[in-house]
Amino acid sequence: MAKKYPKSYRHRNFTVVFWFVHVFFFQAAFLMPHAIPAENAVIIIRSQQIPAYNEAIKGFEEGCKGENISIKAIYDLNGDIEEGKRIIQKIKDNSFKPRVILAIGVLAATFVKEQFPDVPIIFCMVINHNRFNLQGANITGISSEASLEDQFAILKGLLGSRKSVGVIYDPAKTGKIITEASIVVKKFEFNLVKAQVFSEKEVAPVLENIVNKIDALWMIPDSTVITKNTLSAISKITLEHRLPIFCTSDAIVKAGALVSVSPNYKYTGLQAAHLAQRLLNDPMTTSLGIKQPDKLKLTLNTQTAEIIGINLSPIRSFPDVVLYPQ
């Protein structure tokens, strides 16, 4: 015969069981580690495999750790338009929809902008991004160039009392940069000597025309001015006249320029991760605009400095300096 318990005992027993179940589910919901929600998944689309892009990805991966951001996949377009179309279509055919897309390099950025108008996009590592109309209600970007103020402040430290800065440019490609620079240089009491070109064949003769009128050559990311052929001629002419070249690409420093100011690529990736976190935390926000890079580096060509007889000590105290050759 089953043993009967008093009603008060049964009620107390039920209360204990109810309390235990309640506490168990409370702990499951709030005290156990949270899984990364699917809606916080992002994808990376890289234009091609180059060290600078890979550094940016490392920074992004590091910035996502512990921030509830899951990197679902990394796609590589291999620098090829047709391959890019195939991969983009593959992503679109997938039932998975990322909350944010990180596009690295111009090929990835332009493809993603055209094909994903309803997904927040962050682009980085796009040289002279203004040329490619990377704007929109879902577009956030990190400039690949230091601000003009930062560039001219460093150039001021290098030139001291010398005032004349030359620049060669194609107005169709970098006219907007020159218009803005013409205003900014006044803060630094520079005289900007501007020379227009419309083909790469004009670059060397135009440089010969202004080389005796300037104290430094400022090279901006202009694809008419900067080509494999023109870089050789520019380096030869400026070295002959002991003229420093100031630019925004460490690759050009390795080709003979004196100094470049450029983003720290890994920190660009970290910055992109922080922007992704902001977008994910606020679904109503789809764009944060174009940001300046958080951290810059100087690359100095010590051999060029020795040849042209210029003292680099005024700028060697910059927080992040890379000497070439090492």
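The values are calculated or read from the model by the stated rules, or taken from the named source; none is laboratory data. Please read these numbers as outputs of a predicted model, since none were measured by experiment. Here the Cβ is made from the backbone with ideal geometry for all residues, glycine too, and neighbour counts use every protein chain on show.
Below, the figures for the structure above:
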| quantity | calculated |
| --- | --- |
| Some residue of segment 2-13 being surrounded by 10 or more Cβ atoms within 10 Å (Cβ to Cβ), at pLDDT 50 or above, in a helix (DSSP H, G or I) and not charged (D, E, K, R) | no |
| Residue count, segment 275-304 (criterion: closer than 30 Å to LYS254 by Cβ and either surrounded by fewer than 19 Cβ atoms within 10 Å (Cβ to Cβ) or touching a Gly at 6+ places or on another chain (Cβ under 8 Å) (or both)) | 9 |
| Matching entry among ALA233, ALA276 (being on the phi < 0 side of the Ramachandran plot, of a type in the set (A, V, I, L, M, F, W, C) and not assigned by the TED database to the domain that holds GLY105) | ALA233 |
| Scope segment 30-73; condition in a loop (DSSP other than H, G, I, E, B) and at pLDDT 95 or above; matching residues | SER47, GLN48, GLN49, ILE50 |
| Residue count, segment 195-218 (criterion: of a type outside the set (Val, Ile, Thr) and within 16 Å of ILE310 (Cβ to Cβ)) | 4 |
| Qualifying residue in segment 238-255 (condition: closer than 18 Å to PRO51 by Cβ and of a type in the set (Phe, Trp, Tyr)) | no |
| Lone unmet requirement of (1) at positive phi; (2) in contact with an Asp or Glu (Cβ under 9 Å, 6 or more places away or on another chain) for GLY136 | (2) |
| Test: residue in segment 238-259 that is of a type in the set (Phe, Trp, Tyr), modelled with pLDDT under 95 and more than 13 Å from the chain's Cα centre (by Cα) | no |
| Residue that is of a type in the set (A, V, I, L, M), part of a strand (DSSP E or B) and either buried (at least 19 other Cβ atoms within 10 Å of the Cβ) or at pLDDT below 95 (or both), where the choices are VAL165, VAL112, VAL126 | VAL165 |
| Boolean, SER287 is small (Gly, Ala, Ser), under 27 Å from GLY136 (Cα atoms) and not in a helix (DSSP H, G or I) | yes |
| Test: residue in segment 252-273 that is in a loop (DSSP other than H, G, I, E, B), surrounded by 14 or more Cβ atoms within 10 Å (Cβ to Cβ) and hydroxyl-bearing (Ser, Thr, Tyr) | no |
| Of residues in segment 74-109 being part of a loop (DSSP other than H, G, I, E, B) and among the hydrophobic types (A, V, I, L, M, F, W, C), the one nearest to LEU134 (Cα to Cα) | LEU77 |
| Residue within segment 191-198 that is exposed (fewer than 13 other Cβ atoms within 10 Å of the Cβ) and without any contact (Cβ under 8 Å) to a residue 60 or more places away in the chain present | yes |
| Residue match in segment 224-239 (condition: of a type outside the set (A, V, I, L, M), within 27 Å of VAL184 (Cα to Cα) and touching a His at 6+ places or on another chain (Cβ under 9 Å)) | no |
| PRO205 vs. criteria over 22 Å from the mean Cα position of the chain (by Cα) and either modelled with pLDDT of 95 or more or part of a loop (DSSP other than H, G, I, E, B) (or both) | yes |
